[in-house]
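Q: Have a look at the structure that comes next, please.
What follows is calculated from the coordinates using simple rules that are stated; it is not laboratory data. All values derive from a computational prediction rather than experimental measurement. So basically every Cβ, Gly included, is an ideal-geometry build from the backbone, and we count neighbours across all protein chains shown.
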Amino acid sequence: MPRKLAKRRRDGDVEVPEDENETPTARIVKRKRKRGTADQEVDAEDEISVNPPPMKKGRQEDDERERRKEVKHDYAYLKPTTRKILQEVIQSDWKKLPEPAQRQVQMILLTAKRTALNSIEPKRRKEVEYVLDVMHRKLEKRLPRSPFPPFSKAGHFNLEEQIERSRILMAEHIPATDSVKLLEEEIEREERRIQDKRDQLAELEKNAKLALQQQKKRSKATHPLLHEIAASARHADSADNIGLAKDRNKHHVFDEVDKDLAPLLSQLRSHLESIRANGNQLEGVEGAIADAQAALRIALQAT
């Protein structure tokens, strides 16, 4: 029966019968492609990716530095360290774990095994369970015979204790930093004051030098005779050379004879002499009055 072929597709040649009486069947004929340059280039790229070309030394150092930078963290973390311990120390100091510690380790292993099994698909669970059982049995057998380092409080890490200690240190650190800031500000103020004083002192020294220079210039410009007069004036101002007036005798003030004052002076002299005579008469009266007052006091006390 006549058949018509359908158009070819990219993935192969498909022949579809168009007769209604025949059952529809399709046959896919795969085409074979020749390996061209594109496939060779892909293979070459794969080989290059598997076996990369040797890098230069400088580039390797840069890559190592970048890796080290990536490892750095901005937060506090526990850094793993490796210690080399002598076999003699292990044999002498290290001991086997006690039974309570062994039971705790077994519980940890069992919990880790269950956690791993629960995170795996059911299809692969049997295989994983078999492998974990083998490893678990090996560890349980080696655990009683394996030596462990002695327990020390220094090696025990307590997170809560470290957090509390960090909180206490921060509480002490904050006021300390505040006091340091205050002291730094006070130091800055004092330094500014000292600098101002130094500037003032430098200005005064500068002005003093200028004044001294001006004085020297003026002294050079003055006449020599003025220098001699100034020198003599300085010497004449001493205590010995001032030339104070001599003291006069007070009793000889009225020794000079004055015609207008002579009668007045004679009258005054006569009055003074009469007053002196009257005073001489009263010399014993004052003593008698004092004696009478004393006798009167004694008499009053006796009565």
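Q: Hey, Lys206 hits all of (1) closer than 30 Å to Tyr77 by Cα; (2) free of Cβ contacts under 8 Å to residues at least 12 places away in the same chain but one; which does it fall short on?
A: (1)
Q: Would you be able to say whether some residue in the stretch 106-126 is in contact with a helix residue (DSSP H, G or I) (Cβ under 8 Å, 6 or more places away or on another chain) and within 26 Å of Gln162 (Cβ to Cβ)?
A: no
Q: Here's a follow-up. Within the stretch 160-179, is there a residue that is under 30 Å from Ile90 (Cβ atoms) and within 30 Å of the chain's Cα centre (by Cα)?
A: Looking for residues that are under 30 Å from Ile90 (Cβ atoms) and within 30 Å of the chain's Cα centre (by Cα), one finds at least one in the stretch 160-179, hence yes.
For every residue, the table says whether it meets (1) exposed (fewer than 10 other Cβ atoms within 10 Å of the Cβ); (2) part of a helix (DSSP H, G or I); (3) among the aliphatic types (A, V, I, L, M).
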position	(1), (2), (3)
Ala112	no, yes, yes
Arg125	no, yes, no
Lys141	no, yes, no
Arg145	yes, no, no
Glu161	no, yes, no
Pro175	yes, yes, no
Ile194	no, yes, yes
